[in-house]
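Engineer: One structure is given below, represented as C-alpha coordinates, and several questions about it will come after.
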Amino acid sequence: MRKVNVAVVGASGAVGTQMIKMLEETSMSLGEVKFLASIRSAGKELTFNGETKIIEELVPESFEGVDLALFSAGGGISAKFAPEAVKRGAVVVDNTSHFRMDKEVPLVVPEVNPEALRDHKGIIANPNCSTIQMMVALEPVRKAFGLKRIIVSTYQAVSGAGNQAMEELKTQTQAFLNDEPMTAEILPCGGDKKHYPLAFNALPQIDVFAKEGYTYEEWKMVNETKKIMSDDSIQVSATCVRIPVLSGHSESIYIETEKPATVKEIQDVIANFPGAVLEDDPSQQIYPQALNSVGKKETFVGRIRKDLDVDTGVHMWVVSDNLLKGAAWNSVQIAEKMVEMDLL
(Lines give C-alpha, C1' and ligand atoms only; values in the text may rest on other atoms or scores of the structure.)
Protein backbone atom coordinates (compact mmCIF):
# COMPACT_ATOMS: atom_id res chain seq x y z
CA MET A 1 0.00 0.00 0.00
CA ARG A 2 1.34 3.41 -1.01
CA LYS A 3 2.21 5.71 1.87
CA VAL A 4 0.07 8.85 2.12
CA ASN A 5 1.72 12.14 3.11
CA VAL A 6 -0.72 14.14 5.24
CA ALA A 7 -1.03 17.74 6.41
CA VAL A 8 -3.46 18.79 9.16
CA VAL A 9 -4.45 22.45 8.92
CA GLY A 10 -5.69 23.89 12.21
CA ALA A 11 -3.82 21.22 14.16
CA SER A 12 -4.09 23.03 17.50
CA GLY A 13 -7.88 23.48 17.44
CA ALA A 14 -10.62 21.33 18.96
CA VAL A 15 -11.23 19.40 15.74
CA GLY A 16 -7.60 19.43 14.66
CA THR A 17 -6.46 17.64 17.80
CA GLN A 18 -9.11 14.98 17.19
CA MET A 19 -7.99 14.63 13.57
CA ILE A 20 -4.53 13.82 14.88
CA LYS A 21 -5.97 11.10 17.13
CA MET A 22 -7.93 9.64 14.23
CA LEU A 23 -4.77 9.57 12.09
CA GLU A 24 -3.07 7.62 14.86
CA GLU A 25 -5.80 4.99 14.48
CA THR A 26 -6.20 5.07 10.69
CA SER A 27 -5.96 2.06 8.42
CA MET A 28 -4.09 4.19 5.86
CA SER A 29 -0.36 3.71 5.47
CA LEU A 30 1.05 7.09 6.43
CA GLY A 31 4.22 8.69 5.17
CA GLU A 32 5.15 12.17 6.35
CA VAL A 33 2.59 13.83 8.63
CA LYS A 34 2.85 17.56 9.25
CA PHE A 35 0.81 19.87 11.44
CA LEU A 36 0.01 23.38 10.24
CA ALA A 37 -1.52 26.39 11.94
CA SER A 38 -1.34 30.18 12.11
CA ILE A 39 1.83 31.94 13.14
CA ARG A 40 0.35 32.23 16.68
CA SER A 41 0.49 28.45 17.11
CA ALA A 42 3.61 27.78 15.05
CA GLY A 43 6.43 26.36 17.15
CA LYS A 44 4.15 24.61 19.63
CA GLU A 45 4.74 20.91 20.20
CA LEU A 46 2.27 18.10 19.62
CA THR A 47 2.64 14.35 20.06
CA PHE A 48 1.89 11.96 17.22
CA ASN A 49 2.34 8.21 17.60
CA GLY A 50 4.60 8.81 20.58
CA GLU A 51 6.84 11.30 18.78
CA THR A 52 7.07 15.04 19.33
CA LYS A 53 6.25 17.14 16.29
CA ILE A 54 6.46 20.91 15.87
CA ILE A 55 3.50 22.84 14.47
CA GLU A 56 4.59 24.69 11.33
CA GLU A 57 3.29 28.02 10.11
CA LEU A 58 0.72 27.62 7.33
CA VAL A 59 2.00 28.97 3.99
CA PRO A 60 1.22 27.89 0.41
CA GLU A 61 4.51 26.03 0.18
CA SER A 62 3.49 23.87 3.15
CA PHE A 63 1.66 21.57 0.74
CA GLU A 64 4.63 20.58 -1.40
CA GLY A 65 4.74 16.78 -1.44
CA VAL A 66 1.44 16.45 0.46
CA ASP A 67 -1.09 13.89 -0.79
CA LEU A 68 -3.91 14.61 1.69
CA ALA A 69 -4.70 17.90 3.43
CA LEU A 70 -7.24 17.88 6.26
CA PHE A 71 -8.57 21.40 6.90
CA SER A 72 -10.29 22.61 10.05
CA ALA A 73 -9.13 26.16 10.64
CA GLY A 74 -12.09 28.30 9.57
CA GLY A 75 -13.73 29.09 6.25
CA GLY A 76 -11.44 31.99 5.43
CA ILE A 77 -8.35 29.81 5.77
CA SER A 78 -9.92 27.09 3.61
CA ALA A 79 -10.90 29.61 0.94
CA LYS A 80 -7.34 30.91 0.75
CA PHE A 81 -5.24 27.78 1.20
CA ALA A 82 -7.29 24.83 -0.09
CA PRO A 83 -6.77 25.87 -3.73
CA GLU A 84 -3.05 26.24 -2.98
CA ALA A 85 -2.99 22.68 -1.67
CA VAL A 86 -4.82 21.37 -4.74
CA LYS A 87 -2.47 23.32 -7.01
CA ARG A 88 0.43 21.40 -5.47
CA GLY A 89 -1.20 18.01 -5.98
CA ALA A 90 -2.96 17.42 -2.66
CA VAL A 91 -6.53 16.26 -2.17
CA VAL A 92 -8.29 18.47 0.37
CA VAL A 93 -10.93 17.29 2.85
CA ASP A 94 -12.38 20.49 4.27
CA ASN A 95 -14.25 20.53 7.56
CA THR A 96 -15.52 24.12 7.24
CA SER A 97 -18.74 25.27 5.60
CA HIS A 98 -16.94 27.18 2.83
CA PHE A 99 -17.21 24.60 0.03
CA ARG A 100 -20.18 22.52 1.17
CA MET A 101 -22.78 23.89 -1.21
CA ASP A 102 -20.38 24.38 -4.13
CA LYS A 103 -21.79 22.32 -7.02
CA GLU A 104 -18.27 21.29 -8.00
CA VAL A 105 -17.44 19.92 -4.54
CA PRO A 106 -18.76 16.57 -3.25
CA LEU A 107 -20.34 16.69 0.21
CA VAL A 108 -19.76 13.26 1.67
CA VAL A 109 -20.76 10.97 4.51
CA PRO A 110 -18.91 7.75 3.58
CA GLU A 111 -21.70 5.40 4.75
CA VAL A 112 -24.27 7.34 2.70
CA ASN A 113 -22.85 8.65 -0.58
CA PRO A 114 -19.28 7.40 -1.17
CA GLU A 115 -19.74 7.35 -4.94
CA ALA A 116 -19.82 11.16 -4.89
CA LEU A 117 -16.07 11.00 -4.19
CA ARG A 118 -15.46 9.96 -7.80
CA ASP A 119 -16.54 13.43 -8.94
CA HIS A 120 -14.06 15.38 -6.84
CA LYS A 121 -11.86 18.02 -8.43
CA GLY A 122 -9.36 18.22 -5.61
CA ILE A 123 -11.65 19.30 -2.77
CA ILE A 124 -14.15 17.25 -0.77
CA ALA A 125 -16.38 18.90 1.84
CA ASN A 126 -17.11 17.41 5.24
CA PRO A 127 -20.77 18.12 6.17
CA ASN A 128 -21.93 19.97 9.25
CA CYS A 129 -21.59 17.89 12.44
CA SER A 130 -25.31 17.82 13.14
CA THR A 131 -26.09 16.83 9.55
CA ILE A 132 -23.63 13.93 9.52
CA GLN A 133 -25.15 11.99 12.40
CA MET A 134 -28.65 12.58 11.07
CA MET A 135 -27.63 11.15 7.69
CA VAL A 136 -26.20 7.99 9.27
CA ALA A 137 -29.44 7.44 11.18
CA LEU A 138 -31.81 8.21 8.31
CA GLU A 139 -30.12 6.77 5.22
CA PRO A 140 -31.03 3.14 6.03
CA VAL A 141 -34.64 4.24 6.57
CA ARG A 142 -34.64 6.20 3.30
CA LYS A 143 -33.25 3.25 1.35
CA ALA A 144 -35.81 0.82 2.77
CA PHE A 145 -38.97 2.90 3.08
CA GLY A 146 -38.39 6.22 1.32
CA LEU A 147 -38.28 9.59 3.04
CA LYS A 148 -40.66 12.49 2.54
CA ARG A 149 -40.15 14.79 5.51
CA ILE A 150 -37.65 15.51 8.29
CA ILE A 151 -38.20 17.78 11.30
CA VAL A 152 -35.17 17.88 13.57
CA SER A 153 -34.44 19.66 16.84
CA THR A 154 -30.80 19.55 17.91
CA TYR A 155 -29.28 19.70 21.38
CA GLN A 156 -25.71 20.61 20.48
CA ALA A 157 -22.63 20.45 22.67
CA VAL A 158 -20.47 23.50 23.24
CA SER A 159 -17.36 21.85 21.77
CA GLY A 160 -18.92 22.57 18.39
CA ALA A 161 -18.12 26.22 19.06
CA GLY A 162 -14.45 25.54 19.82
CA ASN A 163 -12.03 25.37 22.72
CA GLN A 164 -12.67 28.91 23.96
CA ALA A 165 -16.40 28.28 24.20
CA MET A 166 -15.74 25.15 26.23
CA GLU A 167 -13.57 27.08 28.64
CA GLU A 168 -16.19 29.83 28.89
CA LEU A 169 -18.84 27.25 29.83
CA LYS A 170 -16.59 25.82 32.56
CA THR A 171 -15.92 29.31 33.94
CA GLN A 172 -19.62 30.20 33.88
CA THR A 173 -20.55 26.95 35.62
CA GLN A 174 -18.09 27.60 38.43
CA ALA A 175 -19.28 31.20 38.76
CA PHE A 176 -22.91 30.09 38.95
CA LEU A 177 -22.12 27.51 41.65
CA ASN A 178 -20.21 30.17 43.59
CA ASP A 179 -23.18 32.53 43.29
CA GLU A 180 -21.04 34.93 41.26
CA PRO A 181 -21.96 36.87 38.09
CA MET A 182 -21.51 34.95 34.84
CA THR A 183 -19.85 36.65 31.88
CA ALA A 184 -20.47 35.72 28.24
CA GLU A 185 -18.31 36.80 25.32
CA ILE A 186 -18.71 33.97 22.80
CA LEU A 187 -22.10 32.27 22.70
CA PRO A 188 -24.55 31.94 21.12
CA CYS A 189 -22.44 33.24 18.25
CA GLY A 190 -19.15 35.10 18.37
CA GLY A 191 -20.09 37.22 15.36
CA ASP A 192 -23.46 38.40 16.66
CA LYS A 193 -24.35 41.49 18.71
CA LYS A 194 -25.32 39.93 22.03
CA HIS A 195 -23.85 37.11 24.09
CA TYR A 196 -25.56 35.02 26.74
CA PRO A 197 -24.38 32.51 29.35
CA LEU A 198 -24.78 28.85 28.42
CA ALA A 199 -24.26 27.39 31.90
CA PHE A 200 -27.58 26.01 33.23
CA ASN A 201 -29.21 27.42 30.10
CA ALA A 202 -30.29 26.49 26.58
CA LEU A 203 -29.70 28.87 23.68
CA PRO A 204 -31.97 28.44 20.62
CA GLN A 205 -29.41 30.06 18.34
CA ILE A 206 -26.38 28.51 16.65
CA ASP A 207 -24.71 30.85 14.13
CA VAL A 208 -26.35 34.12 13.08
CA PHE A 209 -29.92 34.46 11.86
CA ALA A 210 -30.55 34.31 8.14
CA LYS A 211 -33.62 34.29 5.89
CA GLU A 212 -37.08 33.20 7.07
CA GLY A 213 -36.00 33.43 10.72
CA TYR A 214 -33.73 30.38 10.52
CA THR A 215 -30.07 30.48 11.56
CA TYR A 216 -27.28 29.52 9.19
CA GLU A 217 -26.80 26.32 11.19
CA GLU A 218 -30.42 25.39 10.52
CA TRP A 219 -30.12 26.20 6.83
CA LYS A 220 -27.00 24.02 6.68
CA MET A 221 -29.00 21.03 7.88
CA VAL A 222 -31.73 21.73 5.34
CA ASN A 223 -29.50 22.26 2.31
CA GLU A 224 -26.83 19.69 3.13
CA THR A 225 -29.41 16.94 3.65
CA LYS A 226 -30.86 17.50 0.20
CA LYS A 227 -27.39 17.52 -1.38
CA ILE A 228 -26.09 14.42 0.38
CA MET A 229 -29.24 12.42 -0.33
CA SER A 230 -29.45 13.84 -3.88
CA ASP A 231 -33.12 14.64 -3.39
CA ASP A 232 -34.49 18.18 -3.39
CA SER A 233 -38.02 16.89 -2.78
CA ILE A 234 -37.33 15.87 0.84
CA GLN A 235 -38.95 18.40 3.16
CA VAL A 236 -36.48 19.41 5.89
CA SER A 237 -36.85 21.81 8.81
CA ALA A 238 -34.44 22.29 11.71
CA THR A 239 -34.26 24.04 15.07
CA CYS A 240 -30.72 24.11 16.44
CA VAL A 241 -30.11 24.62 20.16
CA ARG A 242 -26.88 24.88 22.16
CA ILE A 243 -26.95 23.17 25.56
CA PRO A 244 -24.40 23.04 28.41
CA VAL A 245 -22.85 19.71 27.42
CA LEU A 246 -19.14 19.66 26.56
CA SER A 247 -19.19 17.02 23.81
CA GLY A 248 -21.80 14.90 22.08
CA HIS A 249 -24.64 16.27 19.95
CA SER A 250 -28.17 14.95 20.50
CA GLU A 251 -31.08 15.23 18.08
CA SER A 252 -34.80 14.64 18.28
CA ILE A 253 -35.85 13.67 14.75
CA TYR A 254 -39.34 13.27 13.32
CA ILE A 255 -39.64 11.73 9.85
CA GLU A 256 -42.40 10.75 7.47
CA THR A 257 -41.59 7.81 5.23
CA GLU A 258 -43.06 7.05 1.80
CA LYS A 259 -44.08 3.53 2.83
CA PRO A 260 -45.41 2.60 6.28
CA ALA A 261 -42.96 0.69 8.46
CA THR A 262 -43.16 -0.88 11.88
CA VAL A 263 -40.85 0.11 14.71
CA LYS A 264 -39.18 -3.31 14.45
CA GLU A 265 -38.53 -2.86 10.73
CA ILE A 266 -36.96 0.53 11.30
CA GLN A 267 -34.88 -0.77 14.19
CA ASP A 268 -33.62 -3.63 12.02
CA VAL A 269 -32.47 -1.49 9.08
CA ILE A 270 -30.69 0.95 11.41
CA ALA A 271 -29.05 -1.84 13.42
CA ASN A 272 -27.64 -3.35 10.20
CA PHE A 273 -26.35 -0.07 8.75
CA PRO A 274 -22.58 0.64 8.89
CA GLY A 275 -21.68 3.26 11.48
CA ALA A 276 -25.05 3.13 13.25
CA VAL A 277 -25.59 1.51 16.65
CA LEU A 278 -29.11 0.74 17.89
CA GLU A 279 -29.62 1.51 21.59
CA ASP A 280 -33.35 1.15 21.96
CA ASP A 281 -34.96 -0.77 24.81
CA PRO A 282 -37.31 1.49 26.81
CA SER A 283 -38.19 -1.38 29.16
CA GLN A 284 -34.59 -1.32 30.40
CA GLN A 285 -34.15 2.47 30.04
CA ILE A 286 -31.65 1.93 27.23
CA TYR A 287 -31.30 4.88 24.87
CA PRO A 288 -28.44 7.00 23.46
CA GLN A 289 -26.79 9.53 25.78
CA ALA A 290 -24.35 12.28 24.89
CA LEU A 291 -21.99 11.41 27.73
CA ASN A 292 -21.70 7.83 26.51
CA SER A 293 -20.93 8.87 22.93
CA VAL A 294 -17.75 10.79 23.72
CA GLY A 295 -14.68 9.19 22.17
CA LYS A 296 -16.71 6.85 19.96
CA LYS A 297 -16.91 6.93 16.17
CA GLU A 298 -20.42 5.54 15.79
CA THR A 299 -23.81 7.21 15.66
CA PHE A 300 -26.28 5.95 18.28
CA VAL A 301 -30.02 5.70 17.63
CA GLY A 302 -32.90 4.98 20.00
CA ARG A 303 -36.35 6.03 21.28
CA ILE A 304 -37.76 4.85 17.94
CA ARG A 305 -41.56 5.05 18.01
CA LYS A 306 -44.46 5.60 15.65
CA ASP A 307 -46.22 8.94 15.57
CA LEU A 308 -49.61 8.77 17.25
CA ASP A 309 -51.48 10.50 14.41
CA VAL A 310 -49.50 10.07 11.17
CA ASP A 311 -49.29 6.50 9.85
CA THR A 312 -45.92 7.06 8.19
CA GLY A 313 -44.58 9.28 10.99
CA VAL A 314 -41.68 8.10 13.16
CA HIS A 315 -39.77 9.70 16.03
CA MET A 316 -36.20 8.89 17.11
CA TRP A 317 -33.32 10.15 19.25
CA VAL A 318 -29.85 10.31 17.68
CA VAL A 319 -26.54 10.97 19.43
CA SER A 320 -22.92 11.16 18.25
CA ASP A 321 -19.57 12.65 19.26
CA ASN A 322 -19.60 15.87 17.26
CA LEU A 323 -15.81 16.17 17.25
CA LEU A 324 -15.36 12.62 15.92
CA LYS A 325 -18.09 11.39 13.57
CA GLY A 326 -19.28 14.98 13.30
CA ALA A 327 -15.89 16.24 12.15
CA ALA A 328 -12.49 14.57 12.58
CA TRP A 329 -13.44 10.93 12.07
CA ASN A 330 -15.70 11.64 9.09
CA SER A 331 -12.79 13.54 7.48
CA VAL A 332 -10.30 10.71 7.98
CA GLN A 333 -12.97 8.19 7.02
CA ILE A 334 -13.40 10.04 3.70
CA ALA A 335 -9.67 9.69 3.10
CA GLU A 336 -9.75 5.98 3.96
CA LYS A 337 -12.65 5.47 1.56
CA MET A 338 -10.74 7.27 -1.18
CA VAL A 339 -7.77 4.95 -0.66
CA GLU A 340 -10.15 1.97 -0.79
CA MET A 341 -11.65 3.29 -4.05
CA ASP A 342 -8.18 3.99 -5.49
CA LEU A 343 -8.89 7.74 -5.64
CA LEU A 344 -5.99 8.89 -3.45
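Engineer: Just give me the residues in the range 15-25 being farther than 18 Å from ASN163 by Cβ and buried (at least 18 other Cβ atoms within 10 Å of the Cβ), in sequence order.
Structural biologist: Across the range 15-25, the qualifying residue is only LEU23.
Engineer: Could you check how many residues of the range 113-137 are farther than 17 Å from LEU343 by Cβ and assigned to a loop (DSSP other than H, G, I, E, B)?
Structural biologist: Matching residues across the range 113-137 total 2.
Engineer: Here is a follow-up. Of everything in the range 118-145, what is open to solvent by less than 40 Å² (accessible area, probe 1.4 Å) and more than 20 Å from LEU278 (Cα to Cα)? Give them in sequence order.
Structural biologist: GLY122, ILE123, ILE124, ALA125, ASN126, PRO127, ASN128
Engineer: Right, next: Just wondering, is there one or more residues in the range 160-169 that are within 27 Å of GLY13 (Cα to Cα), outside the structural domain of GLU104 (by the TED database), part of a loop (DSSP other than H, G, I, E, B) and under 22 Å from the mean Cα position of the chain (by Cα)?
Structural biologist: Checked the range 160-169: at least one residue is within 27 Å of GLY13 (Cα to Cα), outside the structural domain of GLU104 (by the TED database), part of a loop (DSSP other than H, G, I, E, B) and under 22 Å from the mean Cα position of the chain (by Cα).
Engineer: Which residues, taken from the range 308-344, are of a type in the set (Asp, Glu) and under 19 Å from GLU139 (Cα atoms)?
Structural biologist: If the condition is that a residue be of a type in the set (Asp, Glu) and under 19 Å from GLU139 (Cα atoms), then ASP321 is the only one that fits.
Engineer: When HIS195 is evaluated against the numbered criteria (1) open to solvent by 30 Å² or more (accessible area, probe 1.4 Å); (2) of a type outside the set (Ser, Thr, Tyr); (3) assigned to a loop (DSSP other than H, G, I, E, B); (4) closer than 16 Å to VAL245 by Cα, which criterion, by number, is the only one it fails?
Structural biologist: If we test HIS195 against (1) open to solvent by 30 Å² or more (accessible area, probe 1.4 Å); (2) of a type outside the set (Ser, Thr, Tyr); (3) assigned to a loop (DSSP other than H, G, I, E, B); (4) closer than 16 Å to VAL245 by Cα, just (4) comes out false.
Engineer: Looking only at residues that are in contact with a helix residue (DSSP H, G or I) (Cβ under 6 Å, 6 or more places away or on another chain) and either basic (Lys, Arg) or under 19 Å from TYR155 (Cβ atoms) (or both) in the range 201-211, which one is least open to solvent (accessible area, probe 1.4 Å)?
Structural biologist: Filtering the range 201-211 for residues that are in contact with a helix residue (DSSP H, G or I) (Cβ under 6 Å, 6 or more places away or on another chain) and either basic (Lys, Arg) or under 19 Å from TYR155 (Cβ atoms) (or both), the one least open to solvent (accessible area, probe 1.4 Å) comes out as ILE206.
Engineer: Now for a different question. Of the residues PRO244, PRO260, PRO282, PRO274, which single one is in contact with a Leu (Cβ under 8 Å, 6 or more places away or on another chain) and open to solvent by 40 Å² or more (accessible area, probe 1.4 Å)?
Structural biologist: Being in contact with a Leu (Cβ under 8 Å, 6 or more places away or on another chain) and open to solvent by 40 Å² or more (accessible area, probe 1.4 Å) holds for just one of PRO244, PRO260, PRO282, PRO274, which is PRO244.
Engineer: Checking the condition closer than 27 Å to LYS296 by Cβ and either of a type outside the set (A, V, I, L, M) or in contact (Cβ under 8 Å) with a residue 60 or more places away in the chain (or both), which residue from PHE99, PHE81, PHE71 passes?
Structural biologist: PHE71
The values are calculated or read from the model by the stated rules, or taken from the named source; none is laboratory data. These numbers come from a predicted model, not from an experiment. Every residue, glycine among them, receives a Cβ derived from its backbone with ideal geometry; neighbour counts consider all protein chains shown. Heads up: the accessible areas ignore ligands, DNA and RNA and are worked out on the full protein's heavy atoms, side chains in. Shrake-Rupley method; radii C 1.70, N 1.55, O 1.52, S 1.80 Å.
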